[in-house]
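Report on one structure; see the data block that follows.
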Amino acid sequence: MGENRRTPSHVGLIMDGNGRWAKKRLMPRSYGHNAGMNRMIGLAEHAKKCGVRYLTVYTLSTENFSRPKQELEGLYSLFRKYFSANAKKLYGQGAAIKIIGDLSVLPEDVQILLADGEKNSPENAEFTLIFAINYGSHAEILRAVNTAVERGEKIGAEDFAKLLYTNGIPDPDMIIRTGGEKRLSNFLLYQAAYAELYFSDTLFPDFSDEELDKALEDFSKRERRFGNV
């Protein structure tokens, strides 16, 4: 990793492939989600070391709520089992936690767990891990529009951005998707207007620190013109 490499300040991560990873091992999808949770924390630690300041992980989309109840309950159980311990681990490394999305549909104890993760985060952290939970860009944008309408306001881009879940967070410089699919799947659509896109065939539990290094190296070689010549 070169000393002068240009590093994205904010990376969005679509963690795809947990279920297929488990299926290849003849294991239930919950096995893959557990492996994905462990990899996510390790990846966040490595991203921080690389100089990334914000990492937004697509943990649970609005569309994911159509999945079997048993799978959703398994995901909630992972939060109950691992979230607090991993949060404290991140705090100890100077990292904060933020949650974006509509948490109202989650079990109450999970809502409290996540809210505490935000509330107990250190101030002025040098790195923030952002969990997108029951998040979808369409719902986020409609929420912002309806808020502006209810206030009777006609607003510009800057004020509109303040109505999004990501208020106060810089737009992503790069979006990474694992698992071989090449689409954004309703993730940070407004914010990612000029993000660099990087797609990996690697299933998420196998997306190693070295794989992230490759993505960051690829980013450093791209010329970002933001619509200019």
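Where the centroid of each part is defined by its Cα atoms, how far is segment 63-101 from segment 153-191 in Å?
Value for the Cα centre distance between the two parts: 21 Å.
Each residue of segment 168-180 in order: what ³J(HN,Hα) in whole Hz does its phi give by Karplus 6.51 cos²θ - 1.76 cosθ + 1.60, θ = phi - 60°, with x for Gly and Pro?
x, 10, x, 4, x, 7, 8, 10, 10, 10, 9, x, x
So which helices of the chain fit the span-like rule, where a helix is a whole DSSP H run, its Cα atoms reach 30 Å or more along the axis, and its mean Kyte-Doolittle is at least 1.6?
Both cut-offs are met by no helix.
With a Cα-only, solvent-free Debye model of segment 114-229, what are the log10 I(q)/I(0) values at q = 0.16 Å⁻¹?
Values, matching the q order: -1.00.
I'm a student and want to see the number: the projected area of the Cα convex hull of segment 56-161, averaged over all directions, in nm².
Value for segment 56-161: 7.9 nm².
Considering Cα pairs under 8 angstrom that are at least six residues apart, work out the relative contact order of the chain and quote it in whole percent.
Normalised by residue count, the contact order of the chain is 30 percent.
Across every pair of different alpha-carbon atoms, what Kirkwood hydrodynamic radius in Å does the chain reach?
For the chain, inverting the mean 1/r across all distinct Cα pairs yields 18.4 Å.
In terms of Cα to Cα distance under 19 Å, which lysines are near enough to residue 214, apart from those fewer than 8 places away along the same chain?
48, 49, 182
Could you compute the net charge surrounding residue 80? Neighbours are other residues with a C-beta less than 11 Å from the C-beta of residue 80; K and R count +1, D and E count -1.
Working: positive: 81; negative: 73, 109.
Charge balance near residue 80 sits at -1.
How much area per residue is accessible in the chain when the probe is 1.4 Å and only protein heavy atoms are counted (Å²)?
52 Å²
Show which lysines lie in cross-link reach of residue 154 when reach means a straight Cα distance below 24 angstrom and same-chain residues fewer than eight apart are skipped.
162
The values are calculated or read from the model by the stated rules, or taken from the named source; none is laboratory data. Just so you know, these numbers come straight off a predicted model, no measurement behind them. As a convention, Cβ positions derive from the backbone with ideal geometry for all residues, glycine included, and neighbour counts pool all protein chains shown. Surface accessibility is based on the protein's heavy atoms, side chains included, excluding ligands, DNA and RNA. Shrake-Rupley method; radii C 1.70, N 1.55, O 1.52, S 1.80 Å.
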